[in-house]
Structures are given as structure tokens and as C-alpha cells.
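A short write-up of the structure that comes next.
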Amino acid sequence: MRKRTTLFLAILMTASLGLHAQKKSKVPTEADMGAYVMVYHKDADHGLHMAISYDSYTWTSLNNDQPVIAGDTIAMQHGIRDPHIFRGPDGGFYLAMTDLHLFASRERYKGTSTYRSTEWEREGSLYGWGNNKGLVMMKSFDLIHWTRTNLDFSALTCPTGVTDVHGNPVPWSEVGCVWAPETVYDYEAGHLLVHFTTRFKTGMNMIYSVYMNDDFTQMLSEPKLLFEAPLNGNGIPAYNVIDSDIIHVGDTYHLFYVSHEKGATVKHATSPRILGPYTMDDKYDDGEKQGHEAPNCWKRLPVHTNGKDTWVVMFDNFSRHPHNFGFVETNDFQTFRMIGYFGQEDSPMKRTNFAEQKHAAVAPLTVKEAKALEKYWKKR
């Protein structure tokens, strides 16, 4: 196990969402699983939403498609986006979200004084569209009782690895965005790895990563560059790269991400090591011709596939109206089959009570866990 140095970062810890659930005495295996939870956000409320499925095709939102956690109760900007859920080897659920409200000034105009009065948290001409400084990190063993940590990357004093046009180091205080965090487990290092989109001021977006402790409350390493677009003649990434998703299958790490080289398009790359370098897969094609983003690759449980390994790449069709998700399937990460969109007549993917969802992720559950979650929200 490689040695890590603990960082002292400005964070806010709170127990406002209840006591942390006790660790499970028995960690469920894949064979124990028979259901799924999907997390997503909506522009209408900037809160955390959840949906449940018992077959991986038909999904029903909890709490009648109202937030299960309000964004203004957990985020410094009073809103969250881009939620990602990961089930760790300890059986716990790790939830990472962007701390950002796109329409906070509008909410203030409606009379809510806690929201900012400016369009963005900081001046847009200096830090860009949708600029933010941090992430919301939460952990639970039952998806009901959570612990929370708010990370402020602008408070970091370690090097960023970025220099300005004059060759001077750019500090973390100049971070322009910290978006779309996702969690994966590094079995070689024995730690959780969180990767996210970032840029400095109005520079190019790229993917950084940082190791976290098992409680999801403390960084264990300095954030480092994980992936970026090829560099141009000036040593600057040629285009933006955002929305990374990493899944470990066998001895390979699969990276799905969004390239802005020619519009917003999902791409695929692989590596035998979690930190790369990653090799592009030129054969990947999800069949979507319009702009799309937020890929999330998840496995259909063996109980739903007669034991055949099947993975789904789900993505956010932001160019479609109304807003929707697209889905492709693969059995080998060599060939990918488009299976349509939520609600499409010839697609197996169905929603029973929600729409207009954005930037989602899926994790496996036992049937007992799913039933307990449904029961909890039906009472509320």
C-alpha cells in the first residue's frame, strides 16, 4: 500500500441528517443483490432525488419525485448537482455531489435571502460559467441516515500542477470549478478515489482525482491530474474534458468521459491502472447523435441476466426536449448496443412517476434494502 500524507483542508462536518447508521455485520455480495437505486438531480429544485428498480429496467422515484434531501440543507451554495453513488467494499454507500446552484440569484429574487444575489458565486468573467469551489461528500449504510462533509478546494495550499502564461504556479484559490465528482475503489492502494472535473479560472476543464479516507471525511492525498485532452502547441489542452466515470472490471479500468472536441460526446478509454495512463477506444459508439454528457456505467445484476455479464452505459441527453437519458448495453466492452431512451416506445427502459431527471448514477441494493427504503418514504 502506497504511503499517503493527510491534508488539512477547511471542511464543515455536521450531523444534521441524523446519526450515522451502524456498519453492516455482513457485507452483501453480488449474489445477495436484487435491486438498484438511482440518484439524480433536477434543475427545478437542486436537491437529491432517488429512484428504485427491481429489474434494472423499470424505475420508480421515491418520495413522489420530491427531493429525499434538500440541496439547501447540505450545500454551501444551497443546491447540489451531479450526484454519484458508489457502493464500497465495506457495504457502505458513498454519495458525492457538486456544490452548486445555477439559479440561486433567481431564488433570492423570489424572496429567499439565504441565496446569493449575484449570478455566480464569483465573478463570471474571472472564473467562468457555473463556477464553484467545492463538493458535498456523504456516507450511509442504509441510504437514510447520513454523515456529511463539505470540501472547499479553494482552501488547499498544495500545488495544483498548473502554471499561468508567465510560468507562475496557479494556486487552488484560483480554482474555477469542481464538478461531477465520482467515487471508485483503488484495490492496489486500498483507498477510495474521487475523481472530478476541474479548471483554474476560465482555463480548460480536465479531470483531477484525490484519495479519501473510509469515512469520506478527509483527503488522504493531494489532488492530481488524472486525465486531459491532448495538448496543443502551447502546452494547453486542445479542448475541454468533463464528467468522468470509472468502473473496474477484471483487470481493467474503464474510463467514460465527455469530450468537447466536436460538441459534447461520450468517449471510452481503458487502463490496467486506476490512475492511468488511459488508452482511447476508437470503436466505442453509443449511437447518440445529439449533444450528451454525464456517462455512468453500471452492471445489471446476474439475477436479471441469467448470469450473463451485462453492463449499461447511461448518459444524459441534455440536447433532447424534454430532457431524457439514453442507454447502451455491452457484454464485453468491445461492442455496444443502443437500447433507447426512457419512455421510448421500443425501449425496455421505463419511468413510472418521474421525468426531467439529470446527471444520474446507479448502485446495487438487496431487495430487503430497497423495500426498507420504500417503506421509509411511503410514511413521509
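Miscellaneous remarks
- Any chance Asn296 is more than 15 Å from Asp245 (Cα to Cα) and either modelled with pLDDT of 95 or more or part of a loop (DSSP other than H, G, I, E, B) (or both): no
- Inside segment 299-326, residues that are surrounded by fewer than 22 Cβ atoms within 10 Å (Cβ to Cβ), assigned to a strand (DSSP E or B) and out of contact with any Phe, Trp or Tyr (no Cβ under 6 Å at 6 or more places or on another chain) make up a count of 4.
- Gly233 being out of contact with any helix residue (DSSP H, G or I) (no Cβ under 8 Å at 6 or more places or on another chain), surrounded by fewer than 20 Cβ atoms within 10 Å (Cβ to Cβ), among the small types (Gly, Ala, Ser) and under 23 Å from His46 (Cα atoms): no
- Tyr185 vs. criteria within 20 Å of the chain's Cα centre (by Cα), assigned to a strand (DSSP E or B) and over 23 Å from His359 (Cβ atoms): no
- Test for Ser113: is it polar (S, T, N, Q), at pLDDT below 95 and not in a helix (DSSP H, G or I): yes
- Taking the criterion of being free of Cβ contacts under 8 Å to residues at least 24 places away in the same chain and among the small types (Gly, Ala, Ser), the residues of segment 142-190 that qualify are Ser154, Gly167, Ser173.
- The single condition among (1) farther than 22 Å from Ala51 by Cβ; (2) of a type in the set (Val, Ile, Thr); (3) under 22 Å from the mean Cα position of the chain (by Cα) that Val162 does not satisfy is (3).
- So Ala51, is it surrounded by 20 or more Cβ atoms within 10 Å (Cβ to Cβ), modelled with pLDDT of 95 or more and within 20 Å of Asn317 (Cβ to Cβ): yes
- Selected residue (criterion: farthest from the chain's Cα centre (by Cα)) from residues of segment 74-97 that are among the charged types (D, E, K, R) and buried (at least 22 other Cβ atoms within 10 Å of the Cβ): Arg81
- Of the residues making up segment 161-189, those that are among the aliphatic types (A, V, I, L, M) and in contact with a strand residue (DSSP E or B) (Cβ under 7 Å, 6 or more places away or on another chain) are Val162, Val170, Val175, Val178, Ala180, Val184, Ala189.
- Selection count, segment 353-368, where residues are touching a strand residue (DSSP E or B) at 6+ places or on another chain (Cβ under 7 Å) and either buried (at least 20 other Cβ atoms within 10 Å of the Cβ) or under 29 Å from Val258 (Cβ atoms) (or both): 11
- Only one of the numbered conditions (1) free of Cβ contacts under 8 Å to residues at least 40 places away in the same chain; (2) within 27 Å of Asp43 (Cβ to Cβ); (3) among the aliphatic types (A, V, I, L, M) is not met by Met280, and that is (2).
- Scanning segment 327-370 for residues that are of a type in the set (Gly, Ala, Ser), part of a strand (DSSP E or B) and touching a residue at least 60 places away in the same chain (Cβ under 8 Å) yields Ala360, Ala361, Ala363.
- Any hit, segment 112-120, residues being under 25 Å from Val312 (Cα atoms) and out of contact with any Gly (no Cβ under 7 Å at 6 or more places or on another chain): no
- Restricting attention to segment 87-111, the residues that are in contact (Cβ under 8 Å) with a residue 24 or more places away in the chain and among the hydroxyl-bearing types (Ser, Thr, Tyr) add up to 2.
- Selection status of Asp243, surrounded by 15 or more Cβ atoms within 10 Å (Cβ to Cβ), in contact (Cβ under 8 Å) with a residue 60 or more places away in the chain and over 23 Å from Ile52 (Cα atoms): yes
- Any hit, segment 116-124, residues being under 16 Å from the mean Cα position of the chain (by Cα), under 25 Å from Lys201 (Cα atoms) and buried (at least 18 other Cβ atoms within 10 Å of the Cβ): no
- Single residue of segment 211-230 satisfying the filter (touching a residue at least 60 places away in the same chain (Cβ under 8 Å) and of a type in the set (S, T, N, Q)) that is surrounded by the fewest Cβ atoms within 10 Å (Cβ to Cβ): Thr217
- Test set (1) under 22 Å from the mean Cα position of the chain (by Cα); (2) of a type outside the set (Phe, Trp, Tyr); (3) modelled with pLDDT of 95 or more - Arg320 fails condition number: (3)
The values are calculated or read from the model by the stated rules, or taken from the named source; none is laboratory data. This one's a predicted model, so the numbers in the text were calculated from it and none came from an experiment. Neighbour counts run over all protein chains shown; Cβ positions are idealised from the backbone, glycine included.
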